[in-house]
Amino acid sequence: MITASIVAYHAPVDELMHLMDCVIRSNIEILYLIDNSSNDSLRELERMSPKVVYIYSDNLGFGHGHNIAIQKALAKNADFHVVINPDVYWGGDIIKALEEFMNSHPDCGLVMPKVLYPNGDLQYLCKLLPTPMNLFGRRFLSIKSIQKRMDERFELHSSGYDKVMEVPSLSGCFMFLRMDVIRQIGGFDERFFMYAEDLDLCRRIGEVSKTMYDPDVSIFHAYGKGSYKNRKLLKYHICSVIKYFNKWGWIFDKKRRLVNRKCLEQLQSFQ
């Protein structure tokens, strides 16, 4: 069984309907729509399909919302669960393709497809485990040439994004999860209200299995970069990044160094 979840906070109805139509037409059996909005006006979307289970929740964060669905998926003995952002959509039978990928890679706990902007441009969402400079420098560094060089390494530009590869940090906009691994490590860490919860989950999955990128499957993601435009979201972002480094280590993080070295050596083998 494959289940999925969307956490919505006053998401545009037309955007949600577009995504939900993609899910309904796929082999996902249950879609949990977790509504963190201040009212339950999205409840009407449950009528779109018997697959849709609407759950109205207090807004305790992105991870908390998805954990509600993950717990229900575990109770259903789901084999896989897909975490999906409201601003994602796709064409074709990508869920079946990703299920086949996971079946052919039994040591993989998480796979992310190629992610494109709506105009077809590539989003660089395969990343190393970050240092403080990677996260704070790319947001506040004013010297663009240095920022560009840092990002090219951090976002693995040299890989070409055209090969199956093991990647330490993958985006939370679309996470295809093996539930046997989630049973081992748990779901999202709810101390992260918004931002960095996907990084933390990737890291925990990576300690017991592989986190992988599959370029043969692609999705579209609007990717609004809200924290670059909204001071409240920026505050959430900074707070989450601080919590992440408090948890895993700021300067002294031996595991980060080893994991990143392994990833970069893998890329060198592709040359």
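Results, tabulated for the structure shown:
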read-out	value
Some residue of the range 116-124 being over 20 Å from GLN184 (Cβ atoms) and in contact with a Ser or Thr (Cβ under 7 Å, 6 or more places away or on another chain)	yes
All helices (runs of 4 or more DSSP H) inside the range 195-271 with 2 or more residues being touching a residue at least 24 places away in the same chain (Cβ under 8 Å) and more than 27 Å from TRP90 (Cβ to Cβ)	231-248, 254-270
Only listed residue being surrounded by fewer than 20 Cβ atoms within 10 Å (Cβ to Cβ), free of Cβ contacts under 8 Å to residues at least 12 places away in the same chain and farther than 21 Å from LYS210 by Cβ, chosen from ASN39, ASN59, ASN27	ASN39
Any hit, the range 103-116, residues being in a helix (DSSP H, G or I) and in contact with a Pro (Cβ under 8 Å, 6 or more places away or on another chain)	no
Boolean, ILE84 is over 30 Å from ILE251 (Cα atoms), in contact (Cβ under 8 Å) with a residue 60 or more places away in the chain, among the β-branched types (Val, Ile, Thr) and surrounded by 13 or more Cβ atoms within 10 Å (Cβ to Cβ)	yes
Residue within the range 74-82 that is in a helix (DSSP H, G or I) and either modelled with pLDDT of 95 or more or aliphatic (A, V, I, L, M) (or both) present	yes
Residue check, GLY65 among the small types (Gly, Ala, Ser) and either crowded, with 16+ Cβ neighbours inside 10 Å or touching a Gly at 6+ places or on another chain (Cβ under 7 Å) (or both)	yes
Counted residues, the range 168-194 - those being in a loop (DSSP other than H, G, I, E, B) and either without any contact (Cβ under 8 Å) to a residue 24 or more places away in the chain or under 10 Å from the mean Cα position of the chain (by Cα) (or both)	4
Criterion violated by ASP58 - all others in (1) more than 28 Å from SER240 (Cβ to Cβ); (2) outside any helix (DSSP H, G or I) satisfied	(1)
Residue list for the range 88-117, restricted to those being out of contact with any Phe, Trp or Tyr (no Cβ under 7 Å at 6 or more places or on another chain), closer than 23 Å to SER169 by Cβ and of a type in the set (D, E, K, R)	ASP107
Criterion violated by VAL7 - all others in (1) in a strand (DSSP E or B); (2) more than 25 Å from LEU116 (Cβ to Cβ); (3) out of contact with any Ser or Thr (no Cβ under 8 Å at 6 or more places or on another chain) satisfied	(2)
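Residues checked against (1) within 30 Å of GLN266 (Cα to Cα); (2) among the hydroxyl-bearing types (Ser, Thr, Tyr); (3) surrounded by fewer than 22 Cβ atoms within 10 Å (Cβ to Cβ):
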{"site": "ARG191", "(1), (2), (3)": "no, no, yes"}
{"site": "ALA196", "(1), (2), (3)": "yes, no, no"}
{"site": "LEU234", "(1), (2), (3)": "no, no, yes"}
{"site": "TYR244", "(1), (2), (3)": "yes, yes, no"}
{"site": "TRP248", "(1), (2), (3)": "yes, no, yes"}
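The values are calculated or read from the model by the stated rules, or taken from the named source; none is laboratory data. Since we're looking at a predicted model, the values are computed, not measured. Cβ: placed from backbone, ideal geometry, glycine included. Neighbour counts: every protein chain shown.
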